[in-house]
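To keep things clear, I will list the structure first and then write my remarks on it.
The values are calculated or read from the model by the stated rules, or taken from the named source; none is laboratory data. Bear in mind that the values here come from a model prediction, so they are computed numbers and not experimental data. Note that each Cβ is placed from the backbone with ideal geometry, even for glycine, and that neighbours are counted across all protein chains shown. The protein model used for the area step is the full one, side chains on, heavy atoms only, and it has no ligands, DNA or RNA in it. Shrake-Rupley method; radii C 1.70, N 1.55, O 1.52, S 1.80 Å.
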Amino acid sequence: MANLGDSIVCGGFVFYNNFDSANLAKVELVKVPEALDKDGCEAENKSCKSSNSDDIPDYEFNLWTKHDCHGTQFQNNNRTWFYFGVKVNSPGAYIKFNIMNLNKQLKMFSQGMCPVFKTIPGHLHWQRIHDKPTYSMDQKGNDFTLSFTYNAPENLKAITYFAFTYPFSYTDLQNYLKRIETKLSKRTITSVDDVYYHRECAIKSLEGRRLDLITISSFHNISGEREDRLNNLFPEKEEERPFKFWDKKIIFISARVHPGETPSSFVFNGLLNFLVNRDDQIAINLRRLYVFKMIPMLNPDGVARGHYRMDTRGVNLNRVYLNPSLKDHPTIYAARNLIRYYHHTYQLPSEEDISSGCIGNGENTMAILDSSCGISNIVRDTTTRLLQQVTLMTLDEKRKDQQKIFQDCALSKADMDGMPEGGGEGLTSKTEETDNSVELKSDKKTYTAVGIGHLPKEDSGLYLYIDLHGHASKKGVFMYGNYFDNIEDTITCMLLPKLMSINNPNFHFASCNFTERNMYIIDKRDGMSREGSGRVAVFKLTGLIRSYTLECNYNSGRLVNTVPARIRDGVNKNMTPMFVPPKYTPGVFEGVGAALGPSILDLTTNNPNSRLPNSQYRSLRGVKSYLKLAYVNNLSSPNGKSLHKMYQNNFSRNHKACKIPFTNATGQSCDYCVNRYVLFTMFIMYSVLNRFVAFFIMLCLIHTYLRLCNYFHCSNLYHG
């Protein structure tokens with residue numbers, strides 16, 4: 001992995017920082033105190049060590065990690081990630097490393113977070129260091145120092161690698177995808193339920209790395225037509241586009257928009273491995289019903305450079321989804337345009353702009369191949385690809401066309417007032433129309449391709465969007481969803497996270513957040529709003545209710561769910577209960593990804609081996625009833641503090657229009673007043689009941705005391 005070319009030599013040790021995702025900046029040898037008595041050990045050429053972590057090490061080094069965009073005009077203060085290798089000059093030495101300039105991570109390391117290491121040759125798999133690390137802050141509170149020790153291997157040629165958490169580099173990704181392709185290429189396609197797998201380069205990053213786009217489905221409803229080559233995308237002309245599918249909705253998954261959040265890659269890998277399983281009936285049903293579009297690494301340059309949060313120009317790419325630039329944010333530009341393309345079911349941005357000689361909306365012209373057709377012929381057929389050309393309008397033509405489109409589709413003011421805010425239905429606002437447009441410039445004129453806006457929910461080609469992340473402070477695995485005033489949309493949004501808590505022991509539904517504040521909060525680190533995140537921007541672009549961010553803590557969780565047995569396993573075959581949350585490993589993260597599969601099928605009761613019948617809810621309807629009850633009653637529930645705040649905000653918003661007790665401006669009952677009255681009545685009843693019970697218990701105790709006194713009095717008289 002490492003190359004001696006640009007390594008750092010210090011104290012006879014060789015430090016490697018020139019490989020993918022490495023970011024070591026500087027090394028300094030610390031003088032070892034003379035107080036250490038080594039006489040007996042030096043005779044045997046061995047170091048003195050004991051099990052006490054406070055022992056003075058044989059060697060101690062101060063290390064500095066690089067900032068994101070280190071040494072450039074875009075350098076910023078993100079410096080949590082570290083990754084380096086070291087070759088020792090003393091076998092079995094007891095060595096201490098001090099990472100001097102990390103961001104403040106007191107909460108995470110106080111909860112037991114440990115760096116990871118592996119040794120090549122020797123210990124080939126990553127694992128957490130054995131001794132608990134220590135940490136400290138400087139007087140100004142700017143730099144956080146993390147210290148940890150390890151025993152050097154006996155093999156002087158071995159290289160030991162250390163990292164903030166389990167790494168997954170750009171090179172690792174490319175090798176991983178090649179292994180999957182090799183495995184799938186050796187198979188023989190035998191049925192329509194087999195795996196349809198296609199990998200392509202959607203666009204090149206600022207530094208020329210691939211943005212891989214993976215398509216996974218089955219051969220059900222596959223057409224003989226390939227997807228369009230969108231403008232400015234798919235630079236590898238020799239790579240064919242995947243085939244289109246009819247009557248199959250798209251599930252869009254992305255990961256690693258923040259380079260240092262490696263748990264997202266392992267969750268992604270877990271889902272990918274599950275989907276390409278040819279024998280699992282749940283995976284077969286998923287491929288039969290949906291088309292998965294998966295981007296494994298949205299920020300390949302940041303990953304390769306060893307950044308923690310930013311791209312190579314110091315931009316947080318998860319804040320630019322509303323209006324990404326082809327020049328400055330090519331990967332997000334590609335992801336957003338693909339999402340819009342699939343939202344409109346393989347249609348280019350403006351249907352009316354397609355030339356008369358090209359394919360129309362696809363429904364009347366797309367040839368759907370029956371399951372009995374020869375699948376091998378479909379795979380080999382590369383001549384059916386039709387390139388659609390977009391006739392771009394001038395700005396004047398755009399204005400006329402906009403008026404026509406929105407005059408035909410406009411709703412009356414009364415109808416618009418009756419729609420729930422954020423419900424995802426109807427047309428976008430004028431501001432969103434501007435955001436949905438893509439401007440293209442030539443030497444003569446400026447052209448614009450107009451976005452269509454929201455579609456009715458049932459007409460969207462998208463079914464689900466999930467962006468995968470890692471989290472440093474909040475424990476566990478959880479999801480962020482968007483806020484809705486409409487109770488039905490809210491329950492729909494909350495349903496998948498709740499099902500995840502039934503299918504995975506480490507998913508924390510109580511930590512999920514569906515509040516309006518979480519959609520627009522300003523990030524203190526970069527001053528940018530979450531409105532530009534993938535989750536919120538996709539909702540604003542498409543109206544998709546099931547638009548989520550999935551977060552995984554680097555270290556551990558707060559609880560462990562009791563996962564019920566699958567219906568085919570029997571009631572008595574529950575997973576082995578765990579009472580202490582485990583330390584998270586790549587295997588745990590991959591299990592989260594794999595649990596997405598059955599959870600997605602549970603949404604539509606298409607899971608052939610569901611856990612719901614053996615859960616406390618018994619059915620999907622029971623889960624929905626539970627969520628609706630928790631939402632309506634606004635009482636303490638397993639949904640946690642964030643959900644309680646959501647209910648409270650919703651009631652407060654309705655209460656602002658309340659003119660008289662229990663009645664709002666529209667003459668309807670005010671939920672806030674009614675619930676306040678109910679809660680007050682329950683409190684009074686509870687207080688009275690408590691006092692009655694306490695009085696009754698006191699009478700019982702007095703009666704028992706008198707009986708005992710009478711018994712002992714009579715006993716003394718008898719013996720006297």
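Packing, as the average of other Cβ atoms within 10 Å across residues, places the peptides 249-260, 518-529, 17-28 in the order 249-260, 17-28, 518-529, highest first. Cα centroid separation, region 224-255 to region 52-124: 42 Å. Legend: residues Glu60, Glu516, sorted from most to least accessible area (1.4 Å probe; ligands, DNA and RNA excluded), read Glu516, Glu60.
Accessible surface of Asp328 in the full protein assembly, 1.4 angstrom probe, to the nearest 10 Å²? The value for Asp328 is about 50 Å².
Fully extending the segment from Gln127 to Thr704, taken as 0.36 nm per residue of separation minus the present Cα-Cα distance, adds 201.5 nm. Around Asp311, with a cut-off of 14 angstrom between Cβ atoms, what is the net charge of the other residues, counting Lys and Arg +1 and Asp and Glu -1? Net charge in that neighbourhood comes out at +2.
Along region 339-348 the Karplus relation, 6.51 cos²θ - 1.76 cosθ + 1.60 evaluated at θ = phi - 60°, assigns HN-Hα couplings of 4, 5, 4, 6, 4, 8, 6, 6, 9, 6 Hz to successive residues, with x for each Gly and Pro. Across region 272-282, coupling constants 3J(HN,Hα) worked out from phi with the 6.51/-1.76/1.60 Karplus curve, θ = phi - 60°, read 4, 4, 5, 5, 8, 6, 7, 9, 6, 5, 5 Hz, and Gly and Pro carry x. Placing unit charges on the Cβ atoms only, positive for Lys and Arg and negative for Asp and Glu, gives region 203-282 a dipole magnitude near 140 debye about its Cα centre.
Here region 161-297 exposes an accessible surface that is 45 percent carbon and sulfur, computed with a 1.4 Å probe and the other protein chains kept in place. Normalised by 2.2 N^0.38 Å, where N is the number of residues, the alpha-carbon radius of gyration of region 241-335 equals 1.25.
Charges were assigned to the Cβ only: +1 to each Lys and Arg, -1 to each Asp and Glu. The resulting dipole of region 503-620 about its Cα centre is roughly 180 debye. Rolling a 1.4 Å probe over the heavy atoms of the protein chains gives region 236-355 an accessible area of 25 Å² per residue. With all pairs of separate Cα atoms included, region 449-570 yields a Kirkwood hydrodynamic radius of 15.8 Å.
Which distance in Å, rounded to a whole number, links the C-alpha centroids of region 518-564 and region 275-321? Taking the Cα centre of region 275-321 as reference, the centre of region 518-564 is 15 Å away.
Extension gain for Leu29 to Arg621 (0.36 nm times residue separation, less C-alpha to C-alpha distance): 206.7 nm.
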